[in-house]
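Please treat every number below as a calculation from the coordinates, not as lab data. Just so we're clear, the structure is a prediction, and the values are computed from it rather than from any experiment. Cβ placement follows ideal geometry from the backbone for every residue including glycine, while neighbour counts extend to all protein chains displayed.
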Amino acid sequence: MTLLIIIIALALIFDYINGFHDAANSIATVVSTKVLTPFQAVLWAALFNSVAFWIFKDHAVANSISKTVYKDFITLPVIFSGLLAAIFWNLLTWWYGIPSSSSHTLIGGFAGAAIAHALMIKGIDFSWAKVVDSDTIVKTILFIFLAPIIGIIISIFISIVTIMRNIWWRLAIIVIATAGTVLMFDKFEDTKIKENVQKFYSIDKYQKEVANINEELTKKQEDSSLIAALNLNKEKLEKATSTYNHLLPFLSDFDNLSADKIAAIANDSGWLKSVAVSKLKDAVRNANDFLVLEAKAPEDKIAKAEYTIAKDKTEGYKAPLKLYLAGEINLDSALIVINGIYPIADKNTDNIKAKITKFNIEKAFAGEIDKADNSIIVYGIIGAALLFMIVYVYVEKIKTPTAHSVAYMFKKLQLFSSAAFSIGHGGNDAQKVMGIIGAALIANGSMQEFSQLPSWVPVACYLAIGLGTMSGGWKIVKTMGSKITKVTPLEGVAAETAGAFTLFFTGQMGIPVSTTHTITGSIIGVGATKRLSAVRWGVTTNLLWAWILTIPVSGILAAVTYLIVHYFLK
């Protein structure tokens, strides 16, 4: 428990450092254009970093980070080593004014420590692909390049549209672009709802089990236990998929229904009965220290033996819990039967009673659906488009446009665009630390999966990054605000709006991207709109090298740190 507390403290320290390390991302343009003073800018950015807490419901980025390393290789020393390496690299690059990615530092550190741990216990010839999730790593590496490219393209588009002389063409393009964006985010919502429901029914888990068993059967074709396990998982997958297919029409009609309505339909139709027993069984056995055993099993032979027994016997909890949910036996009777199957520790009795009495499968299902709702983001996009259009019409048609009035308009709009980028920054970067704390809680046995993340974790993470942003990061502000290219208020609006859109876009996809890379690409885009020579490509090349090196350097630092930590913890 002591190491877990230290890890949580380090994670929040990293989040704080991330705030002042990446403060430049949120405030560089608004400071360099003198719209706000440095002090005003960091307060402004910190406020909207924290506002992100009420906007990003699904925490998809945090979930991706927590799954960077496979569960079998996530231990508290691994997370501790990864955090130490990430903090060191962040402070080093901040000291030298290099706007490197805190996100990639964290991912590199986490993966590097896990690989060192796996090689130590499995041998030097053990495959890295079995340690880290290749999909998450590949997506992260791809978006080292794609995030700034997306930022460049969008900022160029916004800049060109903004300087169009014909205001009516400008407004028409804004309407078309907004409609396209809303449709895209609606598609994200639909996809995410279906993914969440599939996870709720463990379809992804059964698919993975079937694939793993099939792989093992290629080596042990006559293994009867493997064949039995394969048939069982295929049967579970078929049942879960059938139920999911019944729900599909209602999930697709989410905009006209609601999470509560869909959950009520599912419950009334009996589509939650089978999963209810499994969910309650997991809640009961987890409250009886099952997760603690699971966490200790990879490195403790006694715990592993007990875990194997507990895993098998606690499946028997389903029978009494099914009777309890059907109203055929009361709570005390259910607990007596459960205790006879696999004993409940005295200290866990009250907790288990609370889990059973408070259990509501309909409410839990509605919560999983509701997490995918991105209507706040969509309404924000529509509101932003309307704001820009109203301001353009007022300044250029209702009032007589002058150089002063146009410049003043963009200075005011930059307050809005920098706030939007700060929300994206908070939502993207705070979630990464949430993922690490979630992984630590899973490794410690405090919870089973990321969906069980306690509510204090996001609150603490958003608060830490907000406080960090308030501390500023003046060395990096200079690089971001003036060394890449000179930025005017108009260009600041274009860059920040492009950066904000990129962060919201990738956040909906659950891809951990760098806010540093995103805003850098956006600033390059507005510079290139004037002329290519307006961008200081030498500075940009140096930044690119820092981006490329961050993940491998952080990984190596974390691996070395893990070896040292392991030596002292032996």
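Quick look at the values:
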item: For the stretch 272-372, radius of gyration divided by Kirkwood radius, i.e. Rg to Rh on alpha-carbons; result: 1.00
item: Semi-axis lengths (Å, descending) of the ellipsoid that matches the C-alpha gyration tensor of the stretch 268-308; result: 30, 8, 6
item: At R0 = 22 Å, FRET efficiency that the Cβ-Cβ distance of Asp204 and Val459 yields, to 0.05; result: 0.20
item: Cross-link partners of Lys371 among aspartates and glutamates (Cα-Cα below 15 Å; sequence separation of 8 or more within a chain); result: Asp58, Asp186, Glu189, Asp190, Glu195, Asp255, Asp260, Glu362
item: Packing-based order for 147-154, 101-108, using average beta carbon neighbours within 10 Å, highest first; result: 101-108, 147-154
item: Rounded D (µm²/s) - the stretch 198-335, Kirkwood Rh over Cα pairs, Stokes-Einstein at 4 °C, 1.567 mPa s; result: 74 µm²/s
item: Shape metrics for the chain, restricted to C-alpha atoms - Rg then Dmax, Å; result: 25.8, 85
item: Residue pairs, from the table Lys273/Lys313; Lys205/Lys353; Lys322/Lys432; Lys219/Lys313, whose Cα atoms sit over 26 Å apart; result: Lys205/Lys353; Lys322/Lys432; Lys219/Lys313
